[in-house]
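> Have a look at the structure that comes next, please.
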Amino acid sequence: MKFICPTLGEDHEKDFLVVGTLEDFKIIVFSNLEEYEKGFEYLELEDYKPTEVSVDLFKELAKKDKEFSGIILDVHSKNKTISKKELLEI
């Protein structure tokens, strides 16, 4: 499973779009490029670029980063939170 994520930066120095605090954050993701474009407009983003990311990355974050609490899928429409626990079950 793959997601489209808004990112800033190049190569391995990319930053994701996150919400929350340093102690409890979620990463905003989109189900496909069409949803990304709609969400991009909804969030009024500038300078971010779409990056395809495997669910495996989020599973690793769920295992290793205690501050990471999940992802938010299609914030402009579904606004579905997928928790750390749910990610590990995918």
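> Quick one: which residues, 5 or more positions from N32 or on another chain, have an amide H under 5 Å from its amide H? H modelled 1.01 Å from N in the peptide plane, none for Pro or chain starts.
Sorted by chain and number, the residues that satisfy this are I4.
> Net charge around F68, counting only other residues with Cβ within less than 15 Å of its Cβ (Lys, Arg = +1; Asp, Glu = -1)?
Here the count lands on -1.
> Here's another thing I want to ask about it. Which aspartates and glutamates have a Cα less than 16 Å from the Cα of K66, not counting those fewer than 8 places away in the same chain?
Within the straight-line cut-off, K66 pairs with E23, D24, E86.
> One quarter of the convex hull surface, Cα atoms only: what value does that give for the chain in nm²?
Answer in nm², one decimal: 5.5.
> For helix 55-64, what angle does its Cα long axis make with the longest principal axis of the chain, in degrees from 0 to 90 and rounded to 10?
So the helix axis and the longest Cα principal axis differ by about 40 degrees.
> Expressed as an acute angle from 0 to 90° and rounded to the nearest 10, what is the orientation of the C-alpha long axis of helix 33-43 relative to the principal long axis of the chain?
80 degrees
> Suppose the chain between K64 and E89 were pulled fully straight at 0.36 nm per residue; how much longer would it get relative to their current alpha carbon spacing?
7.5 nm
> Which percent, nearest 5, of DSSP beta bridges in the chain are antiparallel?
Percent antiparallel among DSSP bridges in the chain is about 75.
> Calculate the spin-label point distance for K49 paired with V19, positioning each point 7 Å from the Cα along the beta-carbon direction, and give it in nanometres.
2.6 nm
> Let me ask another. Measure up K2/K85; K64/K85; K14/K80 against 21 Å on the Cα-Cα distance and list the ones that go over.
K14/K80
Laboratory data are not the source of any read-out in this text; all were calculated from the coordinates shown. Only a predicted model underlies this, so the values are computations on that prediction, with no experimental measurement involved. Counting neighbours? That spans all protein chains shown, and the Cβs are built from the backbone with ideal geometry, glycine included.
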